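Scroll down for the structure; my scribbles are underneath it.
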Amino acid sequence: MTRRAPFDRISSEDLMSLVGDTGSAPMQVGAVLTLRTGPDPDAHALFDTLAHRLHAVPRLRQRLLKVPLGCGRPVWVNDSGFDPARHLSVALCRPPGGQEAVLQIAAEMLTTPLPHDRPLWTAKLVTDTAPNQVALVFVFHHVLTDGIGGLAILAALAAAKASTQDGRGETHPLPSRLPLALDAAGERIRGLKRLPTAVRRLAAARTELRPSGGVRPAPSSLNRPTGPRRQVAVVRADLEGIRAAARVQGATVNDAVLTAAAASLHRLLQERGESVEQFVISVPFSSRRHADAGELGNRSGVIPVTVPAVGDRVRRLAAVAAITTAAKKNPPGASTALLGPLFRLLARVGVYRTFIDHQRMVHTFVTNVRGPEHPLTLCGWPVTGMIPLGAVTGNVTVAFAVLSYAGTLVVSLIADPDTCPDLGKLRDGLENEFRAMTRHPPDPGGQAAES
């Protein structure tokens with residue numbers, strides 16, 4: 001039996017998140033929760049309840065500790081100075097209120113680096129967004145969790161019973177150099193034993209990272225070095241309507257989102273005077289379907305999918321379904337075996353930022369997470385909606401984060417407003433694509449609908 005170390009070391013996938021945190025904006029993700037309240041909501045009571053539920057997610061009370069040279073990857077340790085008040089805050093929604101004002105606050109939180117001397121998360125309750133409604137914005141560093149883990153955190157906080165403790169940290173001895181070094185040496189020995197498997201995974205990684213059809217991304221204004229600001233726009237669609245339209249072609253909701261995203265990007269570039277007829281979209285595939293609050297971090301790889309953007313909508317959807325179906329036959333996550341060492345090497349020699357600012361591998365990212373089918377209640381307040389928040393960095397000027405919640409498909413478009421100033425047009429185009437997809441569902445026995 002393998003001896004378990006008395007500390008929790010981050011994974012190689014998590015280490016990639018740290019390496020990637022040298023771009024124009026921090027590698028942070030999150031969500032906006034809309035809560036239905038009474039006429040006079042007590043924000044401090046909500047935060048007091050949350051503070052007494054943090055015991056359900058130990059990682060929220062842990063910070064990341066850098067280790068001495070030769071002692072392996074960083075480790076998670078209990079934060080002896082943890083204080084919920086350093087992570088929970090209240091803000092008054094800017095006039096005139098509403099979703100746009102909340103999204104502006106969320107974008108600012110998403111691009112404000114989280115201090116590394118404490119647990120890597122923050123939450124802000126935005127009041128006066130609308131009558132009997134507030135918004136709760138969570139932001140996590142990507143090293144702490146991915147999208148699936150973020151949902152696990154929310155579910156754990158919603159289901160947890162209040163603790164008698166106030167949530168403040170307790171003093172624990174930090175791991176000394178000797179056990180860290182011994183554990184790192186053991187990992188290296190185990191790594192040598194897994195070397196033949198790792199070599200085989202490198203071949204699988206090359207296949208996984210090769211765009212379908214061998215297509216290289218066409219140059220376009222979608223790929224420009226981005227700055228530190230972000231803007232968020234939201235599109236909502238009926239989940240069952242999208243699912244039904246996709247099912248006719250043997251496709252998934254994710255296939256339908258990819259098809260609609262490519263078409264809306266095509267129209268956006270047309271208005272800019274550019275012509276791109278297919279897009280290479282990076283799609284994360286998680287190696288886990290579910291996560292719990294005790295097992296967070298990242299467990300995913302990426303696959304570039306070439307998505308056609310012009311022609312018959314039904315045939316485009318069927319083509320995307322065939323590509324993603326073939327990709328899912330391979331175990332996900334092989335790309336990490338290749339990208340991880342490469343990114344660490346680039347970071348070590350100081351050229352990682354240059355690499356991601358000039359990459360020509362993908363046009364954009366689309367991340368899709370299946371959320372709760374039924375509405376949640378957080379601290380007695382019904383959660384009436386969720387909006388996902390994703391990370392955009394390097395030279396990808398706009399990306400899509402997708403989340404299903406209680407029968408609604410929510411797509412967040414996250415962009416650098418300086419390199420993608422026409423985000424509203426892209427949002428409108430995506431709304432039209434979803435509307436057409438559900439209004440005129442594919443008829444396998446009849447005439448296909450044109451895009």
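The values are calculated or read from the model by the stated rules, or taken from the named source; none is laboratory data. All of these numbers come straight from a predicted model, not from anything done at the bench. Positions of Cβ are backbone-derived with ideal geometry, glycine not excepted, and every protein chain shown enters the neighbour counts. Note: areas computed on protein heavy atoms with side chains; ligands, DNA, RNA excluded. Shrake-Rupley method; radii C 1.70, N 1.55, O 1.52, S 1.80 Å.
Tabulated data
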item	result
Sequence-distant residues sharing a close amide H with Asp8 (under 5 Å, placed H)	Trp76
Protection-proxy order for peptides 221-229, 141-149, 93-101, each taking the mean of Cβ atoms within 10 Å per residue, highest first	141-149, 221-229, 93-101
Region 70-161 - accessible surface per residue (Å², probe 1.4 Å)	36
Residues listed by number, region 223-237, amide nitrogen under 19 Å from Phe355 label point at 7 Å toward C-beta	224-226
Cross-link reach list, aspartates and glutamates versus Lys66, counting only Cα pairs under 13 Å and skipping chain neighbours closer than eight places	Asp8, Asp117
